[in-house]
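For reference, the structure discussed in these notes is given below.
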Amino acid sequence: MTAPISADPVGSLPIPRQAADRVHGPCSSRLISPRGVLDLRGAAGRDVWLSYPFDAAVVVCGLPGSGKSTLLRAWSGSASVVDPRVTRASFEARMPAWLPYALYRPWARLRHMYWLRGELRRGGPLLIHDCGSRSWMRGWLARTARGAGRPLHMVVLDVGPQEALSGQRARRRLASRRVFARHQRGLARLLRQVDRGGSAGVPGFDSVVALDRGQRERVTAVRFGPSTT
């Protein structure tokens with residue numbers, strides 16, 4: 001039975017035993033192939049490497065400022081990365097500076113989803129940057145991955161709103177109160193669904209890994225390759 005997941009960081013929790021858990025490399029990191037729900041929040045011990053099948057797509061989600069981009073940069077040597085900010089920057093570079101992004105956001109979103117669909121169909125390891133708070137987007141990802149014959153996994157950064165706001169200030173890019181509150185509600189719903197139903201609470205995803213601020217720093221790498229089970 002997996003440890004429960006809540007919308008707020010919690011104290012030390014037992015880590016579900018994984019069949020692929022072993023010591024890896026000179027740093028003696030733990031290598032884990034996630035299945036179902038793996039709650040690493042509050043856990044102590046060695047650094048962790050996450051191991052996925054070669055053709056897996058892994059969605060990294062969390063509140064704005066939670067550290068998704070930092071984590072993806074650390075993992076980017078292992079897989080292609082699809083980040084919606086790349087599409088936004090491309091549109092902003094072509095649009096007049098006086099034109100608000102909100103006016104062309106729908107076209108930027110469609111272009112991002114077209115790019116994402118192409119990457120899911122192409123095959124090979126893939127990392128996806130997403131807020132995780134929109135059920136319709138999770139459903140679309142699940143359907144598209146299933147159509148491409150890909151296993152789909154999720155890593156949730158549950159760092160709390162204050163840590164996320166601190167991250168926004170550090171990068172000098174603040175979400176509005178309304179947008180941030182909407183993301184908070186959506187992420188809380190996601191975590192409640194996982195709490196109640198395990199990975200089945202997020203249909204289409206083979207595993208959900210929950211990380212807090214401390215474990216975000218300790219999951220130092222991700223590996224894509226043949227199954228270790």
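The values are calculated or read from the model by the stated rules, or taken from the named source; none is laboratory data. Since the model is a prediction, treat every value here as computed from it, not as a measurement. Cβ sites come from the backbone with ideal geometry, for glycine too, and all protein chains shown count toward neighbours. With ligands, DNA and RNA removed, areas are computed over all heavy atoms of the protein, side chains included. Shrake-Rupley method; radii C 1.70, N 1.55, O 1.52, S 1.80 Å.
Data for the structure
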quantity	calculated
Solvent exposure of the stretch 37-97 as accessible area per residue, Å², 1.4 Å probe	40 Å²
Scattering curve values for the stretch 115-229, log₁₀ I(q)/I(0), Debye with Cα scatterers, q = 0.10, 0.17, 0.19 Å⁻¹	-0.35, -1.01, -1.21
Under 11 Å, Cβ to Cβ, from Ala210 - net charge with Lys/Arg +1 and Asp/Glu -1	-2
By average C-beta atoms within 10 angstrom, highest first, the peptides 142-155, 29-42, 107-120	29-42, 142-155, 107-120
Crossing angle, helix 101-122 versus the chain [Cα axis fit, 0-90 degrees, rounded to tens]	40 degrees
Degrees between helix 161-171 axis and first principal axis of the chain (Cα, 0 to 90, nearest 10)	60 degrees
Helix axis angle, 177-197 relative to the chain longest principal axis, alpha carbon, degrees	30 degrees
Cα centroid of the stretch 61-77 to Cα centroid of the stretch 122-172, whole Å	10 Å
Mean Cβ neighbour count within 10 Å, used as a protection proxy, ranking 176-182, 68-74, 202-208 highest first	202-208, 68-74, 176-182
Carbon + sulfur, % of accessible area of the stretch 21-172 - ligands and nucleic acids excluded, 1.4 Å	56 percent
Separation between Cα centres of the stretch 97-115 and the stretch 185-222, rounded to whole Å	28 Å
Dipole axis of the chain (+1 Lys, Arg; -1 Asp, Glu on Cβ), positive-most option in Gly139, Leu31, Ala221	Gly139
Label selected from (1) 24, 22, 16; (2) 33, 17, 16; (3) 28, 21, 17, the criterion being semi-axes √(5λ) of the Cα gyration tensor in Å as computed here	(3)
